[in-house]
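To keep things clear, I will list the structure first and then write my remarks on it.
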Amino acid sequence: MEDSFNTMIERYSLPDMAAIWSATHKTDTWLQVELLVCEGWAREGIIPQDAIEKIRAARYNAQRMQEIEGADGAGRAFHPSRVDLF
């Protein structure tokens, strides 16, 4: 996945540091959080227990995400850090 949201300046960051701030790491972390939420909901009976195995198998397609977001960013979801305040 292209790191268009990478806030690290390449020449000032070590590879391990840059990896933490990469778009791939961010998306992997989001997926992990969503899975943990679903597991909690399954324990509470909000979603069926048998759905958890299918949810655990969830993956994302970074290339498709880039296509949806578009090169100009027009398809990006709202995020408070992208609001122009001035």
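Readers should treat all values here as calculations from the given coordinates under stated rules, not as data from a laboratory. Predicted model, so just to flag it, every value in this text is computed and none were measured. Here the Cβ positions follow ideal geometry from the backbone for every residue, glycine too, while neighbour counts run over all protein chains shown.
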Discussion item. I'd like to know how region 28-71 sits against the 2.2 N^0.38 Å rule of thumb: what's its Cα Rg over that expected value?
Written reply: 1.41
Response to the item:
Most exposed first, judged by fewest Cβ atoms within 10 angstrom, E34, E10, E39 run E10, E34, E39
Worksheet item: So how far apart, in nm, are the two label points at L31 and E10 if each is 7 Å from Cα heading toward Cβ?
Response: 2.5 nm
